[in-house]
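Peer 1: I'd like to ask you about the structure that follows.
The values are calculated or read from the model by the stated rules, or taken from the named source; none is laboratory data. Since the structure is predicted, the reported quantities are computational estimates derived from the model, not experimental observations. Using ideal geometry, Cβ is built from the backbone for each residue, glycine included, and neighbour counts are taken over all protein chains shown. For the accessible areas, the whole protein counts, side chains as well, though only heavy atoms, and no ligand, DNA or RNA atoms are used. Shrake-Rupley method; radii C 1.70, N 1.55, O 1.52, S 1.80 Å.
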Amino acid sequence: MTVLATRRRFIAGAAVVTLLPLDAARATPETLAAAIRAVTGDAPLRPGRVALDIPPLVENGNAVPLTVTVESPMTAADHVTAIHVFNEKNPQPHVFDARLGPRNGRALVRTRIKLADTQKVVAVAETSDGAFWSAGADVIVTIAACVEDPT
Amino acid sequence: MNKRSLALALGAVFFASLAAAQGGADRRRSGYQDMGPALQKMQDDDTANPAMLFVQAGEALWKQKVGAADKACADCHTTASMKGVAARYPAIPAGADKPVDLEGRINLCRTTQQKAEPLRPESDDLLQLTAWVALQSRGDPIAPPDDPRMAAVRAEGERLFTERQGQLNLSCAACHDANAGKKLGGATIPQGHPTGYPLYRLEWQTLGSLKRRLRNCLIGMRAEPYDYNAPEYVALEAYLMERARGMTMDAPAVRP
Amino acid sequence: MANVLINAPKTARRGETIELKALILHPMETGFRPGANGTIIPRNIIQDFTASWNGVEIFRMRMSPAIAANPYVSFCAVASESGVVRLRWSGDNGFAVEESVTVTVT
């Protein structure tokens, strides 16, 4: 056997143990769109004002750092009321739902999320005038090597 | 099966990248240097590094009186006295004839000084205490002891590192010496330096020891991992520390 | 012992926007992963994170299984008056942890 073939087998083995079980309930582009619509209702989703900062390529999908900031004066009259984050291919489309207001001073949320696969992440901000703004990003998730057997 | 096909595709470039030429300069790089900026930032920021949760718990354990002796680590040791300690283990403790790693040294104090049960390998308490002790050596150069008895231990470690084993007939050196810097699946093969242990591995979603890391590589090689208390780990660790002599300790690190 | 790490400035100027960061030990088990015997490990997540400043809620986050293990959350707050910022995490299996920090406004 060539060395390359050996390596391939090694990688294939490593990949198998990190795969999630194939699950009919996995979020798809349609469930992603439906989950967003459940938040926005009939209101249009406008691009802009939202900045979604997430690395384009991550070495492991178990903890992907993400920052959402929204351009807003955050005054009583004009502020962000909510920030929602969705994903395309995890088993469920919802990632989180944050409620904000003028007491925050700045519309910002940082957290770390799980991404089961290479996929799109979408952030939606709701403002006090009832408008919805959004930004999306594609994240490539590579797999860890030399993981341990789960059994 | 997206991940799998991606892994196979990337696997094909395993040998496509160029090997670093062996020059006079120090070409050693830590696993930290092989990570992307997002993970480097996660490690560098103590308010974001999840390993700091374990360090905090370790500090509480350090002060807790336990065992028949009803003594805390802090009753016998100052925090300052732990500086540089993690950078020189494995070592042979005074009066002993066998080397122990840092976890083994802490367990020696558990049994002989505190008169308590040893902590289980990879248990939360042992990892937390080790993380707290290791943090005191942050920024220190790795400095294995000059003890001449350690030469044989390191030689055994080097033998284990260079010997082919497992169903894939690979050696540690085949990856970490000959192919470091190249891609294996999506991961960059690091040179395999022990600068950051115990560390928070995203794959584990928790803190783990250098032993656990070595076990993962052994499983990846389709080799039977040694028992947790096996001397092989201590020998491998001693060799890895010698190989990394002078490199900077950055425990508790973050790795993918 | 609740294992929580909170990072907030001890003092702030009145009206200044400060950032608060919090880490908590929690497995965030998704409920989608098979365990050793092939059966699915039951879901065990934090569902809610709230922050209040002197008793007034200023931030809330509803979490899904897609939040990484040992959740990290960071948000901003206007330092309106000196007081206690109370953080609360609650979730599956009756999980409930509360921790607070004091911010002195000058």
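Peer 1: Give B:R88, B:R110 a once-over and let me know the one that is touching a residue at least 40 places away in the same chain (Cβ under 8 Å), in a loop (DSSP other than H, G, I, E, B) and under 21 Å from B:P198 (Cβ atoms).
Peer 2: Details: B:R110 fails: in a loop (DSSP other than H, G, I, E, B).
The conditions single out B:R88.
Peer 1: Looking only at region B:122-164, how many residues end up being open to solvent by 70 Å² or more (accessible area, probe 1.4 Å), under 22 Å from B:N216 (Cβ atoms) and either of a type in the set (K, R) or part of a loop (DSSP other than H, G, I, E, B) (or both)?
Peer 2: Adding up the residues that qualify gives 3.
Peer 1: Let me ask something additional. Check A:A98 against each of (1) in a loop (DSSP other than H, G, I, E, B); (2) open to solvent by less than 20 Å² (accessible area, probe 1.4 Å); (3) among the small types (G, A, S); (4) without any contact (Cβ under 8 Å) to a residue 60 or more places away in the chain and name the one condition it does not meet.
Peer 2: Unmet for A:A98, out of (1) in a loop (DSSP other than H, G, I, E, B); (2) open to solvent by less than 20 Å² (accessible area, probe 1.4 Å); (3) among the small types (G, A, S); (4) without any contact (Cβ under 8 Å) to a residue 60 or more places away in the chain: (1).
Peer 1: Here are some residues: A:N90, A:N104. Which one is crowded, with 22+ Cβ neighbours inside 10 Å and either β-branched (V, I, T) or within 14 Å of chain B (Cβ to nearest Cβ) (or both)?
Peer 2: A:N90
Condition check ((1) among the hydrophobic types (A, V, I, L, M, F, W, C); (2) in a loop (DSSP other than H, G, I, E, B)) across all residues:
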residue: C:G31; (1), (2): no, yes
residue: C:P42; (1), (2): no, yes
residue: C:F59; (1), (2): yes, no
residue: C:A69; (1), (2): yes, yes
residue: C:F75; (1), (2): yes, no
residue: C:R86; (1), (2): no, no
residue: C:V103; (1), (2): yes, no
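Peer 1: Right, next: With respect to C:G15, is the statement that it is over 18 Å from A:V95 (Cα atoms), loosely packed, with under 15 Cβ neighbours inside 10 Å, in contact (Cβ under 8 Å) with a residue 60 or more places away in the chain and at the interface with chain A (Cβ under 10 Å from one of its Cβ atoms) true?
Peer 2: Values: over 18 Å from A:V95 (Cα atoms): yes; loosely packed, with under 15 Cβ neighbours inside 10 Å: yes; in contact (Cβ under 8 Å) with a residue 60 or more places away in the chain: yes; at the interface with chain A (Cβ under 10 Å from one of its Cβ atoms): yes.
It is true that C:G15 is over 18 Å from A:V95 (Cα atoms), loosely packed, with under 15 Cβ neighbours inside 10 Å, in contact (Cβ under 8 Å) with a residue 60 or more places away in the chain and at the interface with chain A (Cβ under 10 Å from one of its Cβ atoms).
Matching residues to (1) facing chain A (nearest Cβ under 9 Å); (2) touching a residue at least 40 places away in the same chain (Cβ under 8 Å):
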| site | (1), (2) |
| --- | --- |
| C:M28 | yes, yes |
| C:S64 | yes, no |
| C:Y72 | yes, yes |
| C:A79 | yes, yes |
| C:R86 | no, no |
| C:D92 | no, yes |
| C:T106 | no, yes |
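Peer 1: So which of C:I45, C:I58 is open to solvent by less than 20 Å² (accessible area, probe 1.4 Å) and either modelled with pLDDT under 95 or within 17 Å of A:L108 (Cβ to Cβ) (or both)? It would help to see each step written out before you state the result.
Peer 2: Values: C:I45 fails: either modelled with pLDDT under 95 or within 17 Å of A:L108 (Cβ to Cβ) (or both).
Sole residue among the options that is open to solvent by less than 20 Å² (accessible area, probe 1.4 Å) and either modelled with pLDDT under 95 or within 17 Å of A:L108 (Cβ to Cβ) (or both): C:I58.
Peer 1: Specify which of the listed residues (A:D149, A:D129) is more than 19 Å from C:E57 (Cα to Cα), at pLDDT below 95 and either open to solvent by 20 Å² or more (accessible area, probe 1.4 Å) or among the charged types (D, E, K, R) (or both). Before the answer, list the steps.
Peer 2: Numbers: A:D129 fails: at pLDDT below 95.
Matching residue, one of A:D149, A:D129: A:D149.
Peer 1: While we're here: Kindly evaluate C:F95 against the criterion of being under 23 Å from B:Q205 (Cα atoms), among the aromatic types (F, W, Y) and open to solvent by 20 Å² or more (accessible area, probe 1.4 Å).
Peer 2: Considered against the rule, which asks whether it is under 23 Å from B:Q205 (Cα atoms), among the aromatic types (F, W, Y) and open to solvent by 20 Å² or more (accessible area, probe 1.4 Å), C:F95 comes out as yes.
Peer 1: Also, I was wondering about something else. Give B:T195, B:T111 a once-over and let me know the one that is over 20 Å from the mean Cα position of the chain (by Cα), hydroxyl-bearing (S, T, Y) and open to solvent by less than 60 Å² (accessible area, probe 1.4 Å).
Peer 2: B:T111
Peer 1: State yes or no: is A:V109 in contact with a Phe, Trp or Tyr (Cβ under 8 Å, 6 or more places away or on another chain) and open to solvent by less than 10 Å² (accessible area, probe 1.4 Å)?
Peer 2: Working: in contact with a Phe, Trp or Tyr (Cβ under 8 Å, 6 or more places away or on another chain): yes; open to solvent by less than 10 Å² (accessible area, probe 1.4 Å): yes.
Against the criterion (in contact with a Phe, Trp or Tyr (Cβ under 8 Å, 6 or more places away or on another chain) and open to solvent by less than 10 Å² (accessible area, probe 1.4 Å)), A:V109 qualifies.
Peer 1: Here is a follow-up. For region B:14-26, indicate whether the set of residues that are among the hydrophobic types (A, V, I, L, M, F, W, C), open to solvent by less than 50 Å² (accessible area, probe 1.4 Å) and modelled with pLDDT under 95 is non-empty.
Peer 2: We begin by selecting, within region B:14-26, every residue among the hydrophobic types (A, V, I, L, M, F, W, C); these are B:14-16, B:18-21, B:25.
Then keep just the ones that are open to solvent by less than 50 Å² (accessible area, probe 1.4 Å); that gives B:14.
Restricting the remaining residues to those that are modelled with pLDDT under 95 gives B:14.
Looking for residues that are among the hydrophobic types (A, V, I, L, M, F, W, C), open to solvent by less than 50 Å² (accessible area, probe 1.4 Å) and modelled with pLDDT under 95, one finds at least one in region B:14-26, hence yes.
Peer 1: Now, a different point. Among the residues in region A:60-70, are any touching a Gly at 6+ places or on another chain (Cβ under 7 Å), among the small types (G, A, S), within 14 Å of chain B (Cβ to nearest Cβ) and not in a strand (DSSP E or B)?
Peer 2: Scanning region A:60-70 turns up no residue that is touching a Gly at 6+ places or on another chain (Cβ under 7 Å), among the small types (G, A, S), within 14 Å of chain B (Cβ to nearest Cβ) and not in a strand (DSSP E or B).
Peer 1: Those residues that are small (G, A, S) and touching a Ser or Thr at 6+ places or on another chain (Cβ under 9 Å), I need them from region B:22-68; list them, please. If you could, list the steps in order and put the result at the bottom.
Peer 2: Quick first cut of region B:22-68, residues small (G, A, S) only: B:23-25, B:30-31, B:36, B:38, B:48, B:51, B:57-58, B:60, B:67-68.
Result: B:S30, B:G31, B:A48, B:G58, B:G67.
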